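The values are calculated or read from the model by the stated rules, or taken from the named source; none is laboratory data. Just so we're clear, the structure is a prediction, and the values are computed from it rather than from any experiment. A quick note on method: Cβ atoms are made from the backbone with ideal geometry, for glycine too, and the neighbour counts reach across all protein chains shown.
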Amino acid sequence: MLRAVIELIYPPRLQCPLCGAQSPDNSLCLDCRQLLDGYAGEQVCCLCGGFLGVRGYHLDGLVYPTPGDSALLREQPPGYEDKLISCGSVNRLGASLSQSSWLMCPACRAENRPFDLARAVAPYEGPVREAVQRLKYRGMKSLAVPLGELMANASLREGAFARTDALVPVPMHPGRERERGYNQSVLLARALGELLQVPVLERVLVKIRETPSQTSLSASQRRKNLQQAFVVAKPEPVKGKILTIIDDVFTTGSTVSIISHLLRQAGARSVLVLTFAGTRQSGKK
Ligand SMILES: [Zn+2]
Ligand SMILES: [Zn+2]
């Protein structure tokens, strides 16, 4: 009753979760729906999920295959198929699952990624970027639910996610988390866990050190700092499991790579990564 009166006096602002425009029922506005549909139609790197552009186009020197074009499949490094867990056979979510693309971006060709597969809803740009910033820095915790829903939808497009035993949110340093009041990755993981009916392991991984962005350091020094920042505090729930790491943004993949490595060391069978925002990969080296 009280709530109804309050809502009458102060009607809640109903917004598109991405751009913040008015929306009758908090659903995506037409522009953002079209934007996400466009991203969903893009070719992505089979390993890191980096967005590569529209199918059938030639951009930045990378040739994108048109549907049915198998020439590029032969360019994949040998043994790559063994790295991916076989997908599509188990369909716990009851959705029709499409096959992975087989195009690999230059960054994945150049380095050894310790995760089996990463995917994102959209590249970190435009309203997608704004939504992440509202969730992360402007206290809009409630955004985790609609953004988590979009992540759940994106996970249905990739069969490997259907085999996830548990979700592992990227932890924050306790001091930083107290400052912000919440960890957005945990909120996203909880929303996803609820939707997909998958448990969320919130305490197996802890961040014991803050890692300020030390741009003056070399890449290997930064990696070393990052490596010492996380520990698997409880290895038992990880053993033999297929885990999906949940984060808001995948940028270079260095944090999720370190975490994937640690989870594997602790006995995880396979590590996948699902983020709300991802990268845009170009064909340039
Ligand atoms: Zn919108
Ligand atoms: Zn890649």
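Based on this model, can you work out whether residue 56 counts as modelled with pLDDT of 80 or more, away from ligand 2 (no atom under 16 Å from the Cβ) and among the small types (Gly, Ala, Ser)? Considered against the rule, which asks whether it is modelled with pLDDT of 80 or more, away from ligand 2 (no atom under 16 Å from the Cβ) and among the small types (Gly, Ala, Ser), residue 56 comes out as no.
If the condition is being β-branched (Val, Ile, Thr) and not in a helix (DSSP H, G or I), then the stretch 245-270 contributes 245, 246, 249, 251, 252.
Taking the criterion of being outside any loop (DSSP other than H, G, I, E, B) and either within 8 Å of ligand 1 (Cβ to nearest atom) or touching a Gly at 6+ places or on another chain (Cβ under 6 Å) (or both), no residue of the stretch 16-29 qualifies.
Here residue 113 passes the criteria (1) at pLDDT 90 or above; (2) among the basic types (Lys, Arg); (3) farther than 20 Å from residue 39 by Cα except the one numbered (1).
Of all residues in the stretch 226-244, count the ones that are under 23 Å from the mean Cα position of the chain (by Cα) and in a helix (DSSP H, G or I). So the answer is 4. A residue that is more than 24 Å from residue 182 (Cα to Cα), at pLDDT below 85 and surrounded by fewer than 17 Cβ atoms within 10 Å (Cβ to Cβ) cannot be found anywhere in the stretch 233-252.
Tell me whether the stretch 271-280 contains one or more residues that are surrounded by fewer than 20 Cβ atoms within 10 Å (Cβ to Cβ) and either on the phi < 0 side of the Ramachandran plot or not in a helix (DSSP H, G or I) (or both). Checked against the condition, which is being surrounded by fewer than 20 Cβ atoms within 10 Å (Cβ to Cβ) and either on the phi < 0 side of the Ramachandran plot or not in a helix (DSSP H, G or I) (or both), the stretch 271-280 yields at least one hit. Here is the figure for the stretch 102-134: residues that are within 16 Å of ligand 1 (Cβ to nearest atom) and either over 21 Å from residue 244 (Cα atoms) or β-branched (Val, Ile, Thr) (or both) total 11. Of the helices (runs of 4 or more DSSP H) lying entirely inside the stretch 112-209, those containing at least 2 residues that are in contact (Cβ under 8 Å) with a residue 40 or more places away in the chain and surrounded by fewer than 19 Cβ atoms within 10 Å (Cβ to Cβ) span 126-137, 144-156, 184-196.
Within the stretch 212-257, being among the small types (Gly, Ala, Ser) and out of contact with any helix residue (DSSP H, G or I) (no Cβ under 7 Å at 6 or more places or on another chain) holds for 213, 216, 218, 219, 220, 229, 233, 240, 253, 257.
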